Amino acid sequence: MRNQCAPNASAPEDPVISIHTDDVEAAYEEAQRLGYEIVHPITTEPWGVRRFFVRAPEGNVINIVHHPT
């Protein structure tokens, strides 16, 4: 059963949770700096959100997302 947390047609894995941020670029840079596995690179999706997926240390995939206003 697919997780319905977010539309994931463009991503290789489904996230278990979404975290909303006003600065997704800074979050992406921090995740890279800390050495976290980037599961889905930062992308502006066709439906308008800008997001990336990162694997947390315990293995869960997290959707870090910005919804433009």
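Readers should treat all values here as calculations from the given coordinates under stated rules, not as data from a laboratory. Since this is a predicted model, take the numbers as computed values, not measurements. When we count neighbours, we look across all protein chains shown, and the Cβ atoms used for this are built from the backbone with ideal geometry, even at glycine.
Counting Lys +1, Arg +1, Asp -1, Glu -1, what net charge surrounds ALA56 among other residues with beta carbon under 13 Å of its beta carbon?
Net of charged neighbours comes to -2.
Please report Rg over Rh for region 17-66, where both radii come from the alpha carbon positions and Rh follows the Kirkwood definition.
Here the Rg-to-Rh quotient is 0.94.
Which net charge results for the neighbourhood of GLU37, defined as the other residues with beta-carbon distances under 11 angstrom from its beta-carbon, given Lys and Arg at +1 and Asp and Glu at -1?
In short, 0.
Check VAL39: other-chain or 5+ apart residues with amide H under 5 Å from its amide H, H built from backbone geometry?
The answer is PHE53, VAL54, ARG55.
Please give the net charge around ALA26, taking every other residue with its beta carbon less than 14 angstrom from that of ALA26, where Lys and Arg add +1 and Asp and Glu add -1.
My count for the surroundings of ALA26 gives -2.
Under a 5 Å amide H to amide H cut-off, with H placed in plane at 1.01 Å, what residues pair with ILE19 once short-range neighbours are removed?
The answer is ASN63, ILE64, VAL65.
What order, most packed first, do the peptides 51-61, 35-45 have when packing is the mean number of other Cβ atoms within 10 Å of each residue?
51-61, 35-45
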